[in-house]
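No lab work stands behind these numbers, since they all come straight from the coordinates. Note that the structure is predicted; figures quoted are calculated from it, not measured. Virtual Cβ from ideal backbone geometry, glycine too; neighbours counted across all protein chains shown.
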Amino acid sequence: MKALTRRALASVALVGWFCCASPVLAAPSGAAKHDPLEPMNRKIFWFNNQVDDYVLVPVATVWDKIMPKRVEKCLSNFFGNLRFPIVAGNGLLQGKFKQAGSDVGRFAVNTTVGLAGFFDPASGWGLEEHNEDFGQTLGYWGVGTGPYLVLPFLGPSNPRDTVGLAADSFSTVYPFFVEFEYLVAARGTDLINTRATLLQEVRQFKAASFDYYVAVRNAYIQRRKALIADRSGVSAQESEDLYTIQDDNGESEP
Amino acid sequence: MQRNHRTRTKAVIAALLLAPVLALSGPTTARAAEGPRDVVQQTTDAVLAVLANKSLTADQKRTKIQDIVYDRFDFRTLSRLVLARNWRRLSHEQQNEFVQEFKQNLSTTYGRNVETYNNERAEITGDRKEPGGDWTVKTKIIRPNAADILVDYRLRQEDGVWKVIDVIIEGVSLVANYRSQFQEIVSNEGPAKLIQMLREKNAKGEPMKS
């Protein structure tokens, strides 16, 4: 739940938090090296998707009908602002001092001028939002991911990012200030609201995929790599494999 | 007040008269010299103009956008990249059929977005040359009540014309994502099965309810 980032197109990665499987398609053998735990992962993926379909989506759909988009945006600003210690802290741990400085400024501006974080004037002032977490910090320092892993309720991950998730869960703002019941209510609100903002994206991603499990796995892996490298596109070494046309004789042409 | 109003009317009439002329001169004269950045700029501008046009029905918008996008994307290259090594396992006819069905599939899937357009804007944030000669144009989709989305377009030049060969959304490449799914289908069940799946998906591709 902690890694509920606000970036909507983290939705692509996030799709995974609310995942689904096509249980009809038997686990293919070809992907064994990327995903040695595939049979187990597919089962958990299927389970998560049941939870999503029968609990989260119905609640989020009602939420989305009641809440104006503007309110949803304010709430996601608010919860995003509370992630400040994770974002700034992990920026620091990766030696991104300028970025962490900007995050401090962003938190200060949005907490005050932005009325407790419900509004985001900072983005307009050049203090843009960053996406950092401890899984990325570990990746930044060269820690390998380990095998792809689908966590119950939490969705796509790997051993490295699971450690990251656990570490980050100790470092949001609110555990220090509020009672347990409020914390649960806050987490619940964050989850439902985030899911509500992603209804359309997830539905589309599902409809577009031929094997939803594989589509989510691939999106998660690509997205995490891009986040660690702080880039929006494809890395140079993958680029060569991805964009080289194989001609009919098996020779590659540029 | 009166004068002001009249000047405005004149300007609007002038613009209306000029528009068809500009529209005609656009594709023919500017085309040859267009860089990858221009291609992305013009394509996003044209698509957004259609989306924002309240006088068009959803179907009319879809058709118009399809025309714009079909002209700017190289679906054959995109298909070959998606299938990678498996491309050679398809017969010549299967290859053509795959390109056609895949193109149709992308169009049906993403054409659904027409209904949910909500004053999004697009902004080009940068571009760079890639080692192989391709070009990447980086854009940001700005949504009024939601987070921005980073979208990169990869373009390749064919016969002097730059065309889009991949779309990368928040670091997730469309080509890579479809490749991962198709690879398993083709290696486990063969290319005919993949084409059949595409055809079935397209047949029931009615616009999604939201």
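Going by neighbour counts of Cβ atoms within 10 Å, the residues A:243, B:110 line up, fewest first, as B:110, A:243.
Each residue of region A:87-102 was assigned a 3J(HN,Hα) from its phi angle through the Karplus expression (A = 6.51, B = -1.76, C = 1.60, θ = phi - 60°), giving 5, 5, x, 6, x, 4, 4, 9, x, 8, 5, 4, 4, 5, x, 5 Hz with x at Gly and Pro. Sorted on the mean count of surrounding Cβ atoms within 10 Å across their residues, most packed first, peptides B:194-202, B:124-132 read B:194-202, B:124-132. The modelled label-to-label distance for the pair residue B:161/residue A:62, using points 7 Å beyond Cα in the direction of Cβ, is 5.3 nm. In plain terms, the residue of A:98, B:64, B:193 with the fewest other Cβ atoms within 10 Å comes first and the most crowded comes last, giving A:98, B:193, B:64.
One Cα centroid belongs to region B:109-184, the other to region A:51-101; the line between them spans 24 Å.
If you filter region B:81-188 for GluC sites (Glu not before Pro), then keep DSSP loop positions with at most 15 other Cβ within 10 Å, what is left? Spell out each step's value before the answer.
Numbers: sites: B:93, B:97, B:101, B:115, B:120, B:123, B:158, B:170, B:184; in loops: B:120, B:170.
In loop regions of region B:81-188 (DSSP not H, G, I, E or B), there are no sparsely surrounded GluC sites (Glu not before Pro).
Sorted fewest first by neighbouring Cβ atoms within 10 angstrom, A:209, A:123 come out as A:123, A:209.
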